[in-house]
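Working notes, beginning with the structure itself.
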Amino acid sequence: ANCIKGDRKAPYTVGWANIYSVPTWMKQTEGTITAEVEELKKAGLVKELMITDAQGNAQTQIQHIQSMIDANVDAIVVIAGSSNALDRVISDACDKGIAIVNFDSLVNTDKVTAKINTDSNEWGATAAKWMVSQLGGKGKIIIMNGPAGISVSDDRRKGAQPILDANPGLQVITETNTEYNVAPAQEAMTSLLFANPEIDGVLSLGGALSAGSVLAFERQGRDQVPTTGENARQFLELWKEKGLKSWATMQPNWLGALSVYTAVQALEGKDVPAFVKVPLPVIDESTIGSYLARADKFPADGYIYSDYDKVLFDKLLAK
Amino acid sequence: MNTIRSAFRNPPFLTLLLVALVWIVASFTLRGFGAYGHLRYLLELAAVIGIAAAGQTLVILMGGIDLSVGAVITVTAILLPLFSPAWDPTGLVGIAVALAIATGIGLMNGAGAAYLRVPPIIMTLAMATFLQGLLVIVAGGSAVTVSNPAVILLGQARPLGIPAGIILWLVVSIAILLLVHRMPIGARFLALGANPLAARLSGVSVTRNTLMVHTLSGFFAGLAGILVLGMNRQGYVGIGDPYLLTSIAAVVLGGTSILGGRGTYAGTIPGAILLVTTTALITVVNASPGWRSIMFGTLILALLLVSGREARR
Amino acid sequence: MRASSPTRLYGSIQLRRNRGLAGLYLVVAAFLILYAMLFPGILSIGGFSKFTQNWFPLALVTMAQALLMLNGGITLAIGPLVSLGAVIAATTMEGALGVPGGILTVALAGLSIGAVIGAIVTHLRLPAIIVTLAGSFIIGGVALILLPRPGGFIPDWLSTTLAGHTPVAFVLLVVILALWKAFLATPLGLGIYAAGDNPVGAFRSGVPVERVKVVAFALSGLLAALTGLFVAAQTGSGDPVIGTPFTLNSIAAAVLGGVGFLGGKGTMRGAICGSLLLSVMINVMFFLGFPPVAQYVAQGLIIVGAVAVPELLAQWKARR
Amino acid sequence: MTEKRPLLEARQVFRGFFGNPVLKGVDIALLPGRVHALLGENGAGKSTLINLLSGALQPDGGSILVEGKSVGRFSPADARAAGIAVVQQELSLTASLSIAENVGLGAFPRRFGLIDYRALHHGVRDVCDMVGLTEPLDMPVADLALGRRQMVEVAKALFRKPRVLILDEPTSSLSAHEAGILARLIETLRDRGTALLYISHRLNEVQALCSHVTVLKDGVVTADQSLSGIDGEGLVRLMVGRETGDLFPPRLAAAPGAMRIRVEGFSAGVVRDVGFCARAGEIVGIGGLVGQGQEDLLLGLYGAIPAAASRAEVSGNSGLPANVGVANAAGIVYVPADRKHEGLVMPHSIASNLILPSLGRLAGKGLRDRQAENGLVADLALRLKIKGDTDRQVQALSGGNQQKVALAKWLPLDPSVLLLNDPTRGVDIETKREIYLMLRAFAAEGRLVILASSDTPELVHLCDRVVVLREGCVAAVLSNDEITEGAIVGAAMGITTTTQGEAA
Ligand SMILES: Nc1ncnc2c1ncn2[C@@H]1O[C@H](COP(=O)(O)OP(=O)(O)OP(=O)(O)O)[C@@H](O)[C@H]1O
Ligand SMILES: Nc1ncnc2c1ncn2[C@@H]1O[C@H](COP(=O)(O)OP(=O)(O)OP(=O)(O)O)[C@@H](O)[C@H]1O
Ligand SMILES: [Mg+2]
Ligand SMILES: [Mg+2]
């Protein structure tokens, strides 16, 4: 596989260069990583996991990865704090023969062992398609985006555009950009509700955004409208509670576990694909029950991710 | 004539006037803005900033600045459900514990500033960093939802059509205005803010008042945290972040000197309303994120020109 | 200890400025030694280059912040200015302007934005903290319009020159510090201290206080924008939000270095040391294997400790 | 003496602040080789006038002339270029910069755009020698005592090689020794043909140094005449405009009461191992050159800086007060010398300053009693003749009135021990007399007054006993007839050995 040079032996030292460990999604992701590492330790493949937290600062993340290179770890698993800021330090690591697996927020450079992600464009496109079918291709919608200047939020929005163009009956009244959080989303949506008496659907491109939107509708006494979203537990619970017409997908937290697994596989000499495209799990009326049934195992402000196991990982890596 | 002129030199009054002006103009030009429900909602949002800025006002009046406000709000919102025992049907125990924690954090800020002589900005910045560490442990750990009835009531109830949050803000405002203008301690804060050395030599205890002001700031940040938890029904990491800069901005827009020693909470109140109003205006404008950001900055600057002049020193 | 020889005056004044910084120097030295023990590779050219490259942006923004704080101001627009610098660099270098044109554009943008903010603060008598807060939204917005998502282009050779395996960044830092020293040795430069400490007195002494303030803001803007340029080179592209964390970090580093808020108090060397401490601390904690929780707690403790310990020692000495 | 052309002139200048006229058509002309005195009570507008003359302020009307030519907008830099230098009343120094840099500020010698430190060193060395500043030139001004800073301020003015030198109360914080140096300097400059303008509330200095006087009163010139043939009393008459009595109130037979302060082995700051005692009804002076520990002694007794004593009994309590709050509770109050930085909260109103120490006392049930506070403020303003609206910022008051506020705020506490640090610094003669009367009255009411002063005549005429400090130790304790200017200055400088040590 890419970057791997022959002289590294198990058990390996794995570095997990987190961009920001405080958000719950990250905490849960880290949970899957440490769980996976425990498994791999039992198998004698991993000896140590080094975790860093760049506190949201891409510059600090560069420094951390540099330190991991200096410490000569065998593998680095990373969520990029900026889609291209890390390119140079990561290719340095690759040159040193370190297995680099990048997931969720991706870097530009191809000098990595593997990139693992769902397809953000598809995320947006599928959500938009669902909205079109819900509204019969006609109606006024509001689009809720994540923060500006971030690739993920930009990609999801871009993915939706062709669908919107193909359905001119669907009129985008306005858009918002907020942090992926409930309170700012609720705030923004409330203002929009007052300004727009007619809203037929909310094309929300993030989980907490959807919850904020639903809460805003509820508190202003407006009838709920079809809303897209993600697997945020709060949103799923609201969905059930309010009987929403909804659709959700997810960025599975186990991408973290998969990344560690992939890195170790690559170090073990397996040929892993340079890009692992993880299909987007979909939550709809038929599956929501099974997700909510497991809700208790997840934090209240967390994300209910789909099940995963080694079989699934091997299948994904085989492609 | 003279009273009118002095009123126009009075920053709180000017800020208030500005709010009224913005509301009137926006109501006539923007659909939905002037609706009673909308204005009430703006006030509700302003309440959170206003309460968080209550402590911030005191700290700034005394010449410091509290950078831990956001973190304290988050910590309170995250911890409250954990400390709301099932046997307490009122939910008041949880609130008391959460407030005690927030107040304790404030006290620790004060102790650092008073005994270790760490400048408040550094002490509170370090405290915010500590609290982040705490959140790494606590957040995502266990499955908790807000079932605390008192908190939900605070976030959702509308006695006589007035949201409980606004009522809480009213109470806080009266308390702070009393404290600043009608209680000896307020005058001491102001004196310390304007000239700590002279105040100390006049028998004002630096230690005691520093402890007090930071403790109060912690308490009010905690109160804001509870309110914001009630309004969102769920705490999450980062819920308090927006309130750090807004609490400072509200204080300064209200005409309080960032250097301390001069100002009043009476200005912070319209300052907070002004901030949420501006944010709401920007939200309904359909523009690209970049342009929205530019508009927001320009509006703040324009408002500042009217209300926030630093007097010649 | 009388500065008897005229050539010594400058030197001995400079020496005196170290006063009160001994504690910080010690702490920083201890961390550096600890780091070198944990990672001897730092002593190689490559290791040293990488370490200084990662420190360089923080050092520069800390200078940008300290410059204003010494003058009695402060800026919350550092982060967006860094982003804007990076964005301008990444969008201009490809075009007709080329690299020199790009560098010039970044520098001019930084200088002029700083000067405008300075003029607003000085001539309209508005508090710097909130003017720069408003400015941060405007500047951030402009960066987003210029480059809505990370991208753009930086020639590879520029990245390799500035952020390759050679200590160019360190040399640049030394050059910038030398320029700063030279600036401080001009009447205008010393005016920054004078106008920060006692504006009325400085004015009566014939220091053009308002011009000094505007110049301070302009230079601060220049430094921040150049930081953006470096960050763009280091990362090989522009990112419209990359600078955000620099705002608070620059303040933390400056205050850690003993720069006060009321103007005139502190030194640039202290501020630089503060930034070095913040930077080396990250590496040391990594090599000590601190988990994230401990990283946060240790960071808080070091920040408080670096300020409190010298203070407590001084108090203890005074009581003896 | 041939008729000389004025180097610097003001003609019919007007200037007001926020609508209050301060100068209403003032003329003044400074001639080369003449020391010109500018007199007037606190707030008469003297500092304002020199700010106009030096470009720090612009006149509302009238004109400033340099060598007969009217100047338009006149900045401090222009004034320097025209050879005008000012020793400001409010120090214009930058604490963190060195002596040399402070002296050169605004007038640096340059080479290639950089400050020429070599030339600066020479220039500054020369002027510092002239004013007797022996401190190393690289020392930060923050490390200097107030009096030394004042000398730096003088050096700074000299460094500009002025043809016109304006001195605004230069001696208010100088010791007798330093004042002597300054006086000789002024004479030298005068003989070299410099035009000098001298402002002081110490009329003996004016009499000794000046040959011409302009008196300001209520914004107009009430006298502009030669000083030849005018004696001290005539000078006072000129200034006050009427016959006046003695400056110092008559001394009453001292009737010392109970012991109020008794310390042994007392150390605080630079003060080492000092012992003395003082009784109710006494005025005890603390003398010495500037910066010999007078301030630390008072601050230590006040609990404001860490202090220790082998035995201490202060205001009926054994042991030193632990902090200011304890001291206040025991009836000990302190009036600092540096009223701008230590005595008053300058941006706040007169009223808030006056009630600050009594806030707690006046409050009932936790809330402030506005009525009682207003009553108190009105009463204090009346008693101390503080004129005008008490809602004004205290920084808009003249020096003398500020000093009254700094003293008055303590009266509601009914203090039993008053620690006063140079309370008449920069205060005009009328106010001085009022303050002296007050001190006497305090003593007569059975309070103890500890008076540290740099004004030796004050110590001589007011005090029952004088403790002279030198390098943090007691150099002499003088009482009754022993208290003479000579004895105090001698002991302060370590020349004469008077009755040593033994605490009275
Ligand atoms: N500005 C200062 N300059 C020098 N020393 C100071 C200063 N402020 C405080 N101190 C020192 O710290 C000690 C405590 O000062 P502080 O002002 O906190 O006392 P306080 O609050 O009046 O006392 P307490 O806390 O016991 O009521 C003082 O004894 C003094 O030594
Ligand atoms: N910047 C200012 N703003 C408002 N009022 C001022 C200002 N400067 C001076 N004044 C007022 O102008 C008057 C004259 O002040 P000035 O300082 O010239 O008096 P002075 O004669 O120098 O007094 P002193 O002997 O106390 O130094 C005072 O009443 C003072 O309150
Ligand atoms: Mg204390
Ligand atoms: Mg004066």
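Which of rounded, prolate, oblate describes region B:8-311, given a ≥ b ≥ c as roots of the alpha-carbon gyration tensor eigenvalues and a/c under 1.5 marking rounded, otherwise prolate only if a/b is larger than b/c? It is oblate, given that a/c is not under 1.5 and a/b is not larger than b/c. Compared with the dominant principal axis of the Cα atoms in chain D, helix D:399-408 is inclined by about 10°. Placing +1 on the Cβ of every Lys and Arg and -1 on the Cβ of every Asp and Glu, with no other charges, gives region D:344-408 a dipole of roughly 100 debye about its Cα centre. Each Lys and Arg adds +1 at its Cβ and each Asp and Glu adds -1 at its Cβ; summed about the Cα centre, region B:1-143 shows a dipole of about 480 debye. Looking at the protein assembly as shown alone, DSSP beta bridges between its own residues are antiparallel in about 40 percent of cases. Eigen-decomposition of the gyration tensor built on the alpha-carbon atoms of the protein assembly as shown gives equivalent ellipsoid semi-axes of 64, 35, 31 angstrom, largest listed first.
Heavy-atom accessible surface of residue D:332, to the nearest 10 Å², is about 0 Å², with a 1.4 Å probe and all protein chains retained.
Note on chain C: with a GNM built from Cα contacts shorter than 10 Å, the maximum mean-square fluctuation among C:108, C:97, C:68 falls on C:97.
Within a Cβ distance under 11 Å of residue A:12, other residues only, what is the Lys/Arg minus Asp/Glu net charge? Combined, the nearby Lys, Arg, Asp and Glu give +1. Dipole of region B:150-304 computed with +1 at Lys/Arg Cβ and -1 at Asp/Glu Cβ about the Cα centre; of B:162, B:189, B:217, farthest Cα towards the positive end is B:189.
Considering only Cα atoms, the convex hull volume of chain D works out to 162 Å³ per residue. Inter-chain neighbour count for D:100-108: the average number of beta-carbon atoms from partner chains within 10 Å of each residue's beta-carbon is 6.
Using the Cβ of residue B:244 as centre and a radius below 14 Å, the other residues enclosed give a net charge of -3, where K and R count +1 and D and E count -1.
With q set to 0.12, 0.13, 0.16 Å⁻¹, the log10 of I(q)/I(0) for region D:6-243, from the Debye formula over equal scatterers at the Cα positions, is -0.66, -0.78, -1.16.
The Rg/Rh ratio of region B:145-287, with both radii computed over alpha carbons and Rh defined as the Kirkwood radius, is 1.03. From the alpha carbon centroid of region D:316-375 to that of region D:423-488 is 24 Å.
Note on chain D: antiparallel DSSP beta bridges, both residues inside, total approximately 60 percent of the bridges counted. Counts of other chain beta carbons within 10 angstrom of each beta carbon in peptide A:60-72 average 6. Tally the DSSP beta bridges in region D:372-504 and give the antiparallel ones as a percent, rounded to 5. Looking only at bridges with both residues in region D:372-504, the antiparallel portion is about 55 percent.
Note on region A:181-227 and region A:298-314: Cα centroid distance 27 Å, given to the nearest whole angstrom.
Counting, for every residue in B:213-221, the Cβ atoms of other protein chains within 10 Å of its Cβ and taking the mean gives 0. Only helices enter this figure: runs of n ≥ 4 DSSP H residues, each worth -39500 (n - 2.57), summed and divided by the residues of the protein assembly as shown, yield -17000 deg cm²/dmol at 222 nm to the nearest 500. Annotation for region C:284-308 versus region A:46-73: alpha-carbon center distance of 15 Å.
For residue D:232, what charge total do you get from the other residues with a beta carbon under 12 Å from its beta carbon, if Lys and Arg give +1 and Asp and Glu give -1? Here the count lands on -2. For region D:92-208, the dipole from Cβ point charges (+1 on Lys and Arg, -1 on Asp and Glu) about the Cα centre works out to 420 debye, to the nearest 20. Projecting the Cα atoms of B:305, B:227, B:131 onto the charge dipole of region B:8-311, computed from C-beta unit charges around the Cα centre, puts B:305 farthest toward the positive end. Taking the average, over residues, of other Cβ atoms within 10 Å as the packing measure, peptides D:423-431, D:99-107 rank D:99-107, D:423-431 from highest down.
Dimensions of chain A based on its C-alpha atoms, expressed as ranges along the principal axes with the largest first, amount to 65, 37, 33 Å. Counting only Cα atoms, the size of region D:366-429 along its three principal axes is 38, 30, 19 Å, in decreasing order.
Taking the longest Cα principal axis of chain D as reference, the axis of helix D:429-444 is set at about 10 degrees. With a ≥ b ≥ c the root eigenvalues of the C-alpha gyration tensor of chain C, is it rounded (a/c under 1.5), prolate (a/b larger than b/c) or oblate? Oblate shape, in that a/c is at least 1.5 and b/c is the bigger or equal ratio.
The values are calculated or read from the model by the stated rules, or taken from the named source; none is laboratory data. The structure presented is a predicted model; accordingly, all values stated were derived computationally and were not measured. A quick note on method: Cβ atoms are made from the backbone with ideal geometry, for glycine too, and the neighbour counts reach across all protein chains shown. Accessible surface is based on the protein model in full, side chains and every heavy atom, while ligands, DNA and RNA are left aside. Shrake-Rupley method; radii C 1.70, N 1.55, O 1.52, S 1.80 Å.
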